[in-house]
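Worksheet: the structure to be examined is printed underneath.
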Amino acid sequence: MDLRKRFGLRQGELAELVGYDQSYLSALEIGQKGPPTLEFVERLGTVLSLTETEKQELTDAVDASDRKLTIANDSAEELFLLLKDLRDRLLSLSPIQVRMMRDLLRVHDPQPVLSALSEKKRIKQEARM
């Protein structure tokens, strides 16, 4: 909505320019729809003649608005437990807790959590040696 208003466009005008229904644009703006498609984002960038920086900011915002997270079935048990803890407590986290968690996730750790299958393969290979 901020982007649309910055360009002084009404929902109907922008919807027509990008070739989507106004109801779709409205649903996006009020959060009833998940992130827009890549096609929509590209059309929006083209129609509004966004700079590369603005396009990247838009893409980052779309990525951040994705509400779903999927992990592989063979992921380490610790990842499933982490997700459960997050689901259970997400809405009660304070802003400082969220900031601390995000900062922690930015710390570079060269050893990612391996999937359970990958870990089993590594153990078998070490056992053979």
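Specify the residue that is nearest to residue 50 (Cα to Cα); the eligible residues are those in segment 1-34 that are open to solvent by 60 Å² or more (accessible area, probe 1.4 Å) and in a helix (DSSP H, G or I).
Top of the filtered list is 6.
So in segment 62-76, with the set limited to residues that are assigned to a loop (DSSP other than H, G, I, E, B) and among the aliphatic types (A, V, I, L, M), which one is modelled with the lowest pLDDT?
This residue is 69.
Just name the residue that is modelled with the highest pLDDT out of those in segment 38-55 that are open to solvent by 70 Å² or more (accessible area, probe 1.4 Å) and closer than 20 Å to residue 68 by Cα.
Result: 39.
What pairs come up if the first residue lies in segment 38-49 and is among the aromatic types (Phe, Trp, Tyr), the second is open to solvent by less than 90 Å² (accessible area, probe 1.4 Å), and their beta carbons are under 7 Å apart, counting only those six or more places apart or on different chains?
40/18; 40/20
Do we find that residue 93 is out of contact with any Asp or Glu (no Cβ under 9 Å at 6 or more places or on another chain), surrounded by 12 or more Cβ atoms within 10 Å (Cβ to Cβ), within 30 Å of residue 2 (Cα to Cα) and modelled with pLDDT of 90 or more in this structure?
Considered against the rule, which asks whether it is out of contact with any Asp or Glu (no Cβ under 9 Å at 6 or more places or on another chain), surrounded by 12 or more Cβ atoms within 10 Å (Cβ to Cβ), within 30 Å of residue 2 (Cα to Cα) and modelled with pLDDT of 90 or more, residue 93 comes out as yes.
Kindly list the number of the only condition in (1) of a type in the set (Lys, Arg); (2) modelled with pLDDT of 90 or more; (3) closer than 30 Å to residue 17 by Cα; (4) loosely packed, with under 10 Cβ neighbours inside 10 Å that fails for residue 102.
In the conditions (1) of a type in the set (Lys, Arg); (2) modelled with pLDDT of 90 or more; (3) closer than 30 Å to residue 17 by Cα; (4) loosely packed, with under 10 Cβ neighbours inside 10 Å, residue 102 misses (3) alone.
Give the residue that is farthest from residue 3 (Cα to Cα), with candidates limited to residues of segment 35-61 that are under 15 Å from the mean Cα position of the chain (by Cα) and assigned to a helix (DSSP H, G or I).
38
The values are calculated or read from the model by the stated rules, or taken from the named source; none is laboratory data. Note that the structure is predicted; figures quoted are calculated from it, not measured. Reconstructed Cβ throughout: ideal geometry from the backbone, glycine too, with neighbour counts over all protein chains shown. For the accessible areas, the whole protein counts, side chains as well, though only heavy atoms, and no ligand, DNA or RNA atoms are used. Shrake-Rupley method; radii C 1.70, N 1.55, O 1.52, S 1.80 Å.
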